[in-house]
Amino acid sequence: MTAKPCSNSLAVKTSHVLPPDTNYHGTLFGGKLMAHIDDVAAIAAERHARKPVVTASTDSVDFLAPVKAGHSICVEAFVTWTHQTSMEVFVKVVTEDLLTGDRKVCTTAFMTFVAVDDNGRPVSVPEVYPETEQEKTLHTLAPTRAEQRKERRKQSKELAATFGTSFPWNKGV
């Protein structure tokens, strides 16, 4: 497989934030924003792999500024690093007050996707290489984030084993 630049996977989506998408504070529901993030990040991963993908993890979704009804969000995502069958995707969300033009980065996130075949089994993905200084920074730090992901997944599995499928107060459920 031929390596591809980060920029080949860039996916961008701009959406208007409408009142039904907001909470009682008049700001965008976090879950709604996370759905936009997952959607655009999956497009970037699939564009890179040219295979179907599944979400493997979300490292973090950091909400840095509120998104108000009537504003827009622009979700940008691209593949920053690959490892055999997985791809790390960086996501940045910018909110804009469409009346004043004021723009803020409201959210950043790292997500991991795995390319799969028709049977849902992981398949190899092309390597990715950075071109810009920002891409190089993300690419260089990616192995550290991958190790942190691996450790967090191990801890999640331990928690799942500890807690099982029910809690002490609902043994019969």
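Which of the residues that make up the range 35-70 are of a type in the set (Lys, Arg) and either in contact with a Lys or Arg (Cβ under 6 Å, 6 or more places away or on another chain) or assigned to a helix (DSSP H, G or I) (or both)? The one that is of a type in the set (Lys, Arg) and either in contact with a Lys or Arg (Cβ under 6 Å, 6 or more places away or on another chain) or assigned to a helix (DSSP H, G or I) (or both): 47. Residues in the range 74-103 that are in contact with an Asp or Glu (Cβ under 8 Å, 6 or more places away or on another chain) and farther than 27 Å from residue 4 by Cβ were compared, and the one that is surrounded by the fewest Cβ atoms within 10 Å (Cβ to Cβ) is 102.
May I ask you to verify whether residue 7 is touching a helix residue (DSSP H, G or I) at 6+ places or on another chain (Cβ under 8 Å), in a helix (DSSP H, G or I) and of a type in the set (Gly, Ala, Ser)?
yes
Per the listing 56, 77, the residue uniquely farther than 15 Å from residue 13 by Cβ and at pLDDT 95 or above is 56.
Output yes when any residue across the range 128-141 is part of a strand (DSSP E or B), at pLDDT 95 or above and over 18 Å from residue 64 (Cβ atoms), and no when none is. The answer is yes; a qualifying residue exists.
Of the listed requirements (1) of a type outside the set (Asp, Glu); (2) crowded, with 18+ Cβ neighbours inside 10 Å; (3) farther than 28 Å from residue 21 by Cα; (4) in contact with a His (Cβ under 9 Å, 6 or more places away or on another chain), residue 114 misses just one: (4). Residue 124 meets the conditions (1) more than 18 Å from the chain's Cα centre (by Cα); (2) more than 22 Å from residue 38 (Cα to Cα); (3) surrounded by fewer than 14 Cβ atoms within 10 Å (Cβ to Cβ) in every case but one. The failed one is (2).
Return yes when residue 92 is of a type in the set (Lys, Arg) and within 11 Å of the chain's Cα centre (by Cα) and no when it is not. Considered against the rule, which asks whether it is of a type in the set (Lys, Arg) and within 11 Å of the chain's Cα centre (by Cα), residue 92 comes out as yes.
The values are calculated or read from the model by the stated rules, or taken from the named source; none is laboratory data. None of the values given here were measured: they were computed from a predicted structure. For neighbour counting, all protein chains shown are included, and Cβ atoms are generated from backbone atoms with ideal geometry for every residue, glycine included.
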